[in-house]
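Where a number appears in this text, it was derived from the coordinates with a stated rule and is not lab data. These numbers come from a predicted model, not from an experiment. So basically every Cβ, Gly included, is an ideal-geometry build from the backbone, and we count neighbours across all protein chains shown.
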Amino acid sequence: MQTLQSFLQEKVQDEQLQSVLVTLSESVKAISERISTAETCKAGTNNEYGEEQMALDILADKLIQEECEKNEQIGLIASEEQPDEIWLGDGDFAVSYDPLDGSSLIDVNLAVGTIFGVYDLKLRSDANQDKSFVGLKGDDLEVSMIAVYGPRTTIVLAIDGEVNEFTLGEDEFYLSKSELKVGEGKMFSPGNLRACSENLKYLDLVTFWIRSEYTLRYSGGMVPDVNQILLKGKGIFSYPPYSKYPDGKLRLIFECAPMAFLMEKAGGAASDGYKRILEKTYEKIDQRTPIYIGSKEEVDRCSKYLI
Ligand code: P6P
């Protein structure tokens, strides 16, 4: 079986980008090792969104930042768990990450994940602009990668126009599924159902999926839920806005754009109802967005019902 390392050597010409991806995969290994044994207690702190942090949130964030700081190719990082982006030096690559998405699921032993976005700042037309995520958009992504900590630890990586899954063995990631593709099929992952109480269009859409006998697959963790759509090759994940989150709950930079990049490279789509997620310019680090992500027809259906 091909290792991630040999896959990257074969597919990624840019050795600096190769080293960034090895760094990120090493941080996934470190998180995977700790997640099964660390305390699942609350850290007694809140992130900048006021969300209670789990000890593992903080630990995962620390592990990733330490790995990124060791790699001189990485000049800029931004973490969902920290209020501001962090300039690390002259490296050409910017890395965004949600260190442990769905961490509230850890104490009930459900799958959680990490989401990475990688940008090559030297490819940006205004490369001499001060290094910042603000002004970028998902279409500027060079690579996106998610890690899923479930019965197995896996990585799904979108690079060079294709999406592949790697599974962690004894000490290496091995290619486990090649060239993932998303087509049509009856599976739905309807987030934020509470919005149905005030958004009858969403109620109509969910009712359509129910009456059409779609299979329900929703865990409360965006990473495993979207990972399932990528691996099963079908389905739709929805998270509309509502009064508590008028711009949607999920973050554009840390969650939605990297996920949208993965889904589009697998032949699916991702929209906020009006436009592609990848077209949305980052106006601020903590920007939120509604998201409908999955097969092309299902994403279109969401726009038709909801807009
Ligand atoms: P709700 C987890 O907290 C998360 O950020 C995503 O992983 C997940 O899809 C969503 O929020 C779940 O939100 O409203 O169902 O708790």
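Details
- The strands (runs of 3 or more DSSP E) found entirely in the stretch 166-270 that carry 1 or more residues being touching a residue at least 12 places away in the same chain (Cβ under 8 Å) and within 14 Å of the ligand (Cβ to nearest atom) are 187-190, 236-239.
- Which listed residue is in contact with a Gly (Cβ under 6 Å, 6 or more places away or on another chain) and buried (at least 23 other Cβ atoms within 10 Å of the Cβ), from A270, A257: A257
- With respect to the stated conditions, L76 is closer than 29 Å to T3 by Cβ and surrounded by 15 or more Cβ atoms within 10 Å (Cβ to Cβ).
- The requirement of being within 23 Å of K232 (Cβ to Cβ), touching a residue at least 12 places away in the same chain (Cβ under 8 Å) and in a loop (DSSP other than H, G, I, E, B) is not satisfied by K131.
- Some residue of the stretch 149-163 being closer than 25 Å to E48 by Cβ, touching a strand residue (DSSP E or B) at 6+ places or on another chain (Cβ under 9 Å) and more than 16 Å from the ligand (Cβ to nearest atom): no
- Annotation: Y174 fulfils all but one of (1) surrounded by 13 or more Cβ atoms within 10 Å (Cβ to Cβ); (2) out of contact with any Ser or Thr (no Cβ under 7 Å at 6 or more places or on another chain); (3) farther than 17 Å from V299 by Cα; the unmet one is (2).
- If you check D107, D101, D84, D90 for being touching a residue at least 60 places away in the same chain (Cβ under 8 Å) and farther than 25 Å from S36 by Cα, only one passes: D84.
- Restricting attention to the stretch 89-105, the residues that are surrounded by fewer than 24 Cβ atoms within 10 Å (Cβ to Cβ) and within 14 Å of the ligand (Cβ to nearest atom) total 3.
- Top-ranked residue of the stretch 19-41 - restricted to ones that are polar (S, T, N, Q) and over 22 Å from E170 (Cβ atoms), ranked as surrounded by the fewest Cβ atoms within 10 Å (Cβ to Cβ): T40
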